[in-house]
Amino acid sequence: DTLSRESGTKVHHANIQASKAVADIIRTTLGPRSMLKMLLDASGGIVVTNDGNAILRELDVAHPAAKSMIELSRTQDEEVGDGTTSVIVLAGEMLHVAEAFIDKSYHPTVICRAYIKALEDALVVLEKISMPIDVNDRTKMLGLVKSCIGTKFTGQFGDLIADLALDATTTVGVDLGQGLREVDIKKYIKVEKLPGGQLEDSKVLKGVMFNKDVVVPGKMRRKIINPRIILLDCPLEYKKGENQTNAELVREEDWGVLLKMEEEYIESLCMQILKFKPDLVITEKGLSDLACHYLSKAGVTAIRRLRKTDNNRIAKACGAVIVNRPDELQESDVGTGAGLFEVKKIGDEFFAFIVDCADPKACTVLLRGASKDLLNEVERNLQDAMSVARNILKNPKLVPGGGATELTVSATLKQKSSSIEGIEKWPYEAAAVAFEAIPRTLAQNCGVNVIRTMTALQGKHANGENAWVGIDGNTGETADMKELQIWDAYNVKAQTFKTAIEAACMLLRIDDIVSGIKKKQAPGAGPSKPTIEQEGDADNEQIIPE
């Protein structure tokens with residue numbers, strides 16, 4: 001049995017080492033005074049970011065344990081959109097403290113049991129120190145979103161990004177009843193990045209914009225106030241035959257008749273639309289010259305070949321319904337919610353704006369900035385900010401930021417550990433200590449004396465008088481998070497703890513890595529030729545198959 005245990009501990013060590021390596025890459029990007037990473041992505045472009053998830057996405061890792069660590073941050077990003085860095089740091093630390101126990105040949109299951117127990121207790125503590133927040137109190141919400149973006153590169157434009165994120169998410173929030181709010185960021189918030197201008201020019205439109213011009217620029221109006229909008233999902237052109245259609249015409253006049261039929265068909269289509277006196281017709285498909293002519297004669301502006309997603313957004317913004325066949329149009333399908341349709345030239349492209357909507361349920365965030373790299377980073381930060389805003393709208397509870405939550409949890413768990421019986425007590429206590437990784441990393445990234453700061457904080461938390469004392473990430477001082485307005489969303493923290501501990505348990509439980517991948521050749525050798533062994537070649541020379 002000792003033999004199998006030996007190999008087991010070897011694997012555990014390898015896993016822990018790999019996970020720690022991942023955690024170390026990310027560790028420096030936690031907190032407001034953090035470093036940026038410059039990544040070379042696959043296509044040879046560069047990405048400059050300190051968003052944990054964005055960095056890990058670009059990493060190419062061979063070790064399976066490291067791969068699973070990277071998945072963690074992706075999970076976190078998809079679930080709650082923030083805390084991608086913390087999750088990795090925490091999981092890495094959990095594994096690190098487990099290492100000592102594995103050396104003392106504790107069974108991994110015992111460690112896991114203790115960890116899960118610690119997790120349950122940690123969530124109870126979270127519940128206890130969380131405080132509810134009023135979603136409609138804008139200043140509170142701004143403070144919250146700001147503290148979540150304070151750690152990102154755009155921290156210096158904190159108010160701006162926070163404003164954008166809040167505006168966007170409150171716009172598209174839909175009440176499901178029972179106090180639940182659903183905010184679909186992916187579908188209804190479009191982020192348009194336009195290089196040029198300054199970051200300060202970024203804004204949330206009360207409506208949508210898309211990169212299209214009107215079909216006939218000279219004739220159609222480019223600015224319509226209170227437009228009646230019709231959205232179509234069908235081509236306004238004559239339907240062609242399925243495949244090569246032959247029409248044999250006997251008389252000359254029949255040709256004219258054929259053309260006339262086409263014209264009449266299109267005219268009837270257009271008339272069905274014009275019956276509703278729209279000002280703006282938008283279709284996802286084509287629009288023939290003839291249809292164009294009829295529409296522009298009636299003074300209607302048309303836009304063709306719009307993306308489906310954009311069309312959905314316009315529908316949400318101005319209250320129109322997307323119609324699949326012109327003859328099914330009803331008055332209720334016409335969108336009248338928009339205040340202004342306008343085509344503007346930004347840079348060297350034309351953009352159509354449908355703005356000033358009465359009650360938009362979709363919006364576009366317009367980002368301006370100096371360079372593409374900058375814009376990409378701002379967009380990533382905006383995504384995080386919007387996720388935070390969404391989380392709060394869904395579950396309006398706050399916990400203190402700046403490592404205060406983790407310290408409180410840690411202190412509470414340390415006290416609890418003395419009442420735990422049996423062998424599980426030690427791993428439990430170790431898990432408690434592991435939570436301190438977050439404030440410790442924050443302190444490291446501020447460049448203060450880590451040991452002093454940590455002991456001061458532990459002292460303040462040990463007697464449990466103030467759960468809100470943490471590290472001010474900008475100065476590295478210990479401070480009260482309530483005064484500094486540094487908050488985290490409750491469900492982000494909860495998710496972070498759950499993901500980190502469960503992942504640590506999973507990695508600890510692995511005692512063998514069996515590779516199903518064929519060994520790679522030494523680099524530099526040419527493409528290998530498949531070898532066929534036959535009885536004759538005992539001397540093993542390669543036989544090249546024909």
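The values are calculated or read from the model by the stated rules, or taken from the named source; none is laboratory data. The model shown is predicted, which means the values in this text are computed figures rather than measured ones. Using ideal geometry, Cβ is built from the backbone for each residue, glycine included, and neighbour counts are taken over all protein chains shown. Keep in mind that these areas ignore ligands, DNA and RNA; they rest on the heavy atoms of the full protein, side chains included. Shrake-Rupley method; radii C 1.70, N 1.55, O 1.52, S 1.80 Å.
Taking every Cα-Cα distance in segment 289-356 and sorting them into 10 Å bins from zero, the calculated P(r) comes out as 16, 45, 35, 3 percent. For D213 and S418, the difference between the fully extended length at 0.36 nm per residue and the C-alpha to C-alpha distance is 66.8 nm. Be a star and scan segment 287-330 for residues whose amide nitrogen sits under 15 Å from the point 7 Å along the Cα-to-Cβ vector of F276. Of the residues in segment 287-330, 300-303, 312, 314-330 have backbone N under 15 Å from the label point off F276.
D327: net charge of surrounding residues, Cβ under 13 Å, Lys/Arg +1, Asp/Glu -1, itself excluded?
Numbers: positive: K275, R325; negative: E328, D333.
Within the 13 Å Cβ shell, the charges total 0.
A Förster radius of 56 Å combined with the Cβ-Cβ distance from V514 to T245 puts the calculated FRET efficiency at roughly 0.40.
Annotation: E379 carries an accessible surface of approximately 40 Å², with a 1.4 Å probe and no ligand, DNA or RNA atoms counted.
Counting Lys and Arg as +1 and Asp and Glu as -1 over every other residue whose Cβ lies under 11 Å from the Cβ of M261, the net charge comes to -4. The 3J(HN,Hα) values that the Karplus relation (6.51, -1.76, 1.60; θ = phi - 60°) gives for segment 43-54 are, in residue order, 7, x, x, 10, 10, 10, 7, 10, 8, x, 5, 5 Hz. Gly and Pro appear as x. For the chain, the solvent-accessible area works out to 49 Å² per residue, with a probe of 1.4 Å and every protein chain left in place.
Once Rh for segment 1-130 is found with the Kirkwood sum over Cα pairs, what is the Stokes-Einstein diffusion coefficient at 25 °C and 0.890 mPa s, in µm²/s?
Values: Rh = 16.3 Å.
The diffusion coefficient I find is 151 µm²/s.
For A118, the shell of other residues with beta-carbons less than 14 Å away shows a net charge of -2, using +1 for Lys and Arg and -1 for Asp and Glu. The length gained on full extension between E58 and E120, counted as 0.36 nm times the residue separation minus their Cα-Cα distance, comes to 19.0 nm. Suppose we look only past 17 Å in the calculated P(r) of segment 29-68. What percent of the Cα-Cα pairs does that tail hold? It works out to 38 percent of all Cα pairs.
Tell me the GluC sites (Glu not before Pro) within segment 397-460 that lie in a loop according to DSSP and have at most 10 other beta-carbon atoms within 10 Å. When the GluC sites (Glu not before Pro) of segment 397-460 are filtered for loop state and at most 10 Cβ neighbours within 10 Å, E421 remain.
Note on D41 and R452: their simple-model spin labels are 4.3 nm apart, each label 7 Å out from Cα toward Cβ. For the chain, the normalised intensity computed at q = 0.06 Å⁻¹ comes to -0.44 (log10 of I(q)/I(0), Debye sum over alpha carbons, equal scatterers, no solvent). Hey, any idea what % of the chain's accessible area is carbon plus sulfur with a 1.4 Å probe? Roughly 52 percent, rounded to a whole number. Across segment 346-398, Cα-Cα pairs more than 12 Å apart make up 76 percent of the total.
Let me confirm the definition first: pairs of Lys residues in segment 349-419, 8 or more apart or on different chains, C-alpha distance under 30 Å. How many are there? Please report the intermediate quantities before stating the final value.
Details: K361/K372; K361/K394; K361/K397; K397/K414; K397/K416.
So the count of such lysine pairs works out to 5.
Computed from Cα atoms, the angle from the helix 108-129 axis to the main principal axis of the chain rounds to 60 degrees. Spatial offset of segment 197-258 relative to segment 437-462 amounts to 62 Å, using the alpha carbon center of each. Sorting 38-49, 448-459 by average packing, meaning the other beta carbons within 10 Å per residue, from highest down gives 448-459, 38-49.
Each of the peptides 292-302, 85-95, 109-119 was scored by the mean count of other Cβ atoms within 10 Å over its residues; in descending order, highest first, they stand as 85-95, 109-119, 292-302.
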